[in-house]
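One structure is given below, encoded as structure tokens.
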Amino acid sequence: MTILTLSTHPKFLVTLRTLCAVVGGYAASACLSLLLAQWLGLTERPAEAFIKMVFFVVFCTLIIWSFAINSHRKAFIHMAGLNAVVWAVYLATQGVSA
Amino acid sequence: MTGSLRQSMTWLHTWSSITAGWILFAIFLTGTLSFFRNEISYWMQPELHQSVPNEQSVIVAYDYLTEHAAQANEWQISLPDARKNTLDLSWTTPGEARERRRGPRVQLDASTGEPLEARQTEGGNFLYRFHFELYGMPREVARWLVGIVSMMMFVGIISGVIMHRKIFADFFMFRPGKKLLSWIDGHAISAVLALPFHIMITFSGLILLGNTLMPWNGEGHHGGPRDRGAGGGDRPAAVEVAKDFDDNPPFDKMFRHFEQQWQVPVDTLSISKPGTNKVTYTLGGGNRTELSAGRGGETSFTFDGNGEQISTRPANSEENTAQAVYNYFDMLHQARFADTPTRWLLFFAGILGTIMVGTGSVLWAVKRSKQQMGQFGFELIRGLNVGTIAGLMTACGSYFWANRLLSAELASRSGWEINIFFIVWAMGIVGGLIWRDRKGWLVQLSLAGTLFTLLPILDSITSSTSVFFALNNADWMRLSFDISCLLIAAVLWLSVYYLAVQKKGRRGRNVPASPAPKRKVKPLKTAGGEA
């Protein structure tokens, strides 16, 4: 099986799509919830509790959003783009506060 | 995925749920039973059934402690209440080794004061632990597994709502008689009727597993280690103190004061420095006024030796909103606030959730039976459906039977009860894989139905007191367990009846019983429309 046929094989695409939603979604939700907690100025236990609640809502939303996108290619690009943006913002704010 | 939004959501709903379906069914069922954890544990310790609480129970406890723990510096008395029929006493004695976190404890018959030796059992705690830590695997691995399937459940619920075209119209529609449609109705009704509960219980379950699923969100990641409060020093050395227990404490006066104030009975009493002139009595009860701090939402009163109130410890409350909301979810999930009607309501909502998961898995197979009959994946799922759903019901029934039939003196008997649970379940799964059709369902459901129907009789025969004794003394903890068994049996027999009637109807209409010809597996590209 060549790379080309593999990359268009439906099972491979579905697996990739699921990985994209789960791994990409996890990374983005983690970053988003950290950012939100930071922005609200929460620390210690309240921050921990806040992140626990926000994370799962965002994660669920991102998984559904990712699967709702009408094409595989668009879904990968959007998820990667979202991660790039949120992590860039997070790292930038970490740099400022450090 | 690549179709319309509804098609994508249908795909997501189907595959997110079916892959987690069996473990979710087990979690939902054992979790629902955990709402009655105390009642189950009580039922599983028939040695406690003779205890009948009365007005004098507090005196019984006091007399026992003056006799057996006169030198203790603090006594804790947990009085019988709506979810407990015995007296639970513990005390701390000065000079005891610090590592021994709890002092001696004893469980008494609430009317005679006789110490009760209950058989060794995990009781309801096994079901409770199983629903988030499974069994026989490292705790962290199990929590990850439960967390992942809970997340799949959460995604399944939300995508299920989105895919549902006419959620309100369908809610009022019932189409009995049509085979496929009535499975869908069963699934949709159990889902929609208790939808807020399903969302709440799944979400709160997730956040309770948050520490496992988000290792980066632990202690010390948000501004230094948290303050855990100062650790207590060593206990004072043992000094023999002269004690005087001649006067009866003014229990009547204190209890009346507390109960008039809160309109709830006193259920905990702690006595500090008993038998001295510095004695104080702290009374607590089910007067929770505050949920935001999690536990400790109750107010207690402290009285001096003459029964005059000297202080009040008000309910804790949480000032931080995020933390308070988190605590609300925590309390909701564990039903710590629930009185009897609320507990039953939560129990029924949990049963609906269990039915939702079960019918969902069955629906998957029913929908595909025509096209995929004979294919390996389909047959595997069909077999696992029988074994995990009907098999688990039989396993739960066997767990309760084993509790009463295994000798009370058997070494490691609580381990054996659990072994029997898993052996029966494994047999159910093997049986389900061999007999995957209607017959398999009928046999396993009838077996579970028989076990549950006969449980009240077994209870009556093998307990220290008969069921009539429980009726006479309004022992609602034990009676509600027996009634629940009959309710579960009724549900099981109804399913048996439904399946049997369906089989007859099917034969009457002369539908060919042979499987449809095998078809090639549909490529997943169009999977959106497949479900």
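Yes/no matrix, rows are residues, columns are (1) hydrophobic (A, V, I, L, M, F, W, C); (2) in the same structural domain as B:S90 (by TED's automatic domain parsing); (3) part of a strand (DSSP E or B):
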position: B:K253; (1), (2), (3): no, yes, no
position: B:Q260; (1), (2), (3): no, yes, no
position: B:I271; (1), (2), (3): yes, yes, yes
position: B:K278; (1), (2), (3): no, yes, no
position: B:L283; (1), (2), (3): yes, yes, yes
position: B:L291; (1), (2), (3): yes, yes, no
position: B:G296; (1), (2), (3): no, yes, no
position: B:E318; (1), (2), (3): no, no, no
position: B:V325; (1), (2), (3): yes, no, no
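Select, from B:L455, B:L406, the only residue that is open to solvent by 30 Å² or more (accessible area, probe 1.4 Å) and closer than 23 Å to B:W43 by Cα. Lay out the reasoning, then the answer.
Working: B:L455 fails: open to solvent by 30 Å² or more (accessible area, probe 1.4 Å).
When all the criteria are applied, what remains is B:L406.
Which one of these does A:R73 not meet: (1) open to solvent by 80 Å² or more (accessible area, probe 1.4 Å); (2) touching a helix residue (DSSP H, G or I) at 6+ places or on another chain (Cβ under 9 Å); (3) within 12 Å of chain B (Cβ to nearest Cβ)?
Of everything listed in (1) open to solvent by 80 Å² or more (accessible area, probe 1.4 Å); (2) touching a helix residue (DSSP H, G or I) at 6+ places or on another chain (Cβ under 9 Å); (3) within 12 Å of chain B (Cβ to nearest Cβ), A:R73 misses just condition (2).
Could we say that A:A92 is hydrophobic (A, V, I, L, M, F, W, C), under 14 Å from the mean Cα position of the chain (by Cα) and in a helix (DSSP H, G or I) here?
no
Let me spell it out: the conditions are (1) in a helix (DSSP H, G or I); (2) buried (at least 21 other Cβ atoms within 10 Å of the Cβ), and A:L42 meets all of them except one. Which number is the exception?
Status for A:L42: all satisfied but (1).
On the basis of being without any contact (Cβ under 8 Å) to a residue 24 or more places away in the chain, assigned to a helix (DSSP H, G or I), among the aliphatic types (A, V, I, L, M) and within 26 Å of B:V366 (Cβ to Cβ), does B:V430 make the cut?
no
Taking segment B:242-292 only, how many residues are in contact with a helix residue (DSSP H, G or I) (Cβ under 7 Å, 6 or more places away or on another chain), free of Cβ contacts under 8 Å to residues at least 40 places away in the same chain and open to solvent by 30 Å² or more (accessible area, probe 1.4 Å)?
0
If you take the residues of segment A:60-70 that are assigned to a helix (DSSP H, G or I) and facing chain B (nearest Cβ under 7 Å), which of them is most open to solvent (accessible area, probe 1.4 Å)?
Taking segment A:60-70 first, the residues assigned to a helix (DSSP H, G or I) are A:60-68.
Right, trim to facing chain B (nearest Cβ under 7 Å) and you get A:60, A:63-64, A:67-68.
Values: A:C60: 6, A:I63: 14, A:I64: 17, A:F67: 7, A:A68: 33 Å².
Among those residues, the one meeting the criterion is A:A68.
How many residues does segment B:337-365 contain that are open to solvent by less than 20 Å² (accessible area, probe 1.4 Å) and outside any helix (DSSP H, G or I)?
Residues that pass the stated criteria total 1.
Of all the residues that make up segment B:298-315, how many are touching a residue at least 40 places away in the same chain (Cβ under 8 Å), of a type in the set (G, A, S) and open to solvent by less than 20 Å² (accessible area, probe 1.4 Å)?
Adding up the residues that qualify gives 1.
Examine segment A:15-23 for a residue that is touching a His at 6+ places or on another chain (Cβ under 8 Å), in a helix (DSSP H, G or I) and more than 8 Å from chain B (Cβ to nearest Cβ), and state whether such a residue exists.
Taking every residue of segment A:15-23 in turn, at least one turns out to be touching a His at 6+ places or on another chain (Cβ under 8 Å), in a helix (DSSP H, G or I) and more than 8 Å from chain B (Cβ to nearest Cβ).
The values are calculated or read from the model by the stated rules, or taken from the named source; none is laboratory data. Computed from a predicted model, the values in this text were never measured in an experiment. Neighbour counts run over all protein chains shown; Cβ positions are idealised from the backbone, glycine included. The protein model used for the area step is the full one, side chains on, heavy atoms only, and it has no ligands, DNA or RNA in it. Shrake-Rupley method; radii C 1.70, N 1.55, O 1.52, S 1.80 Å.
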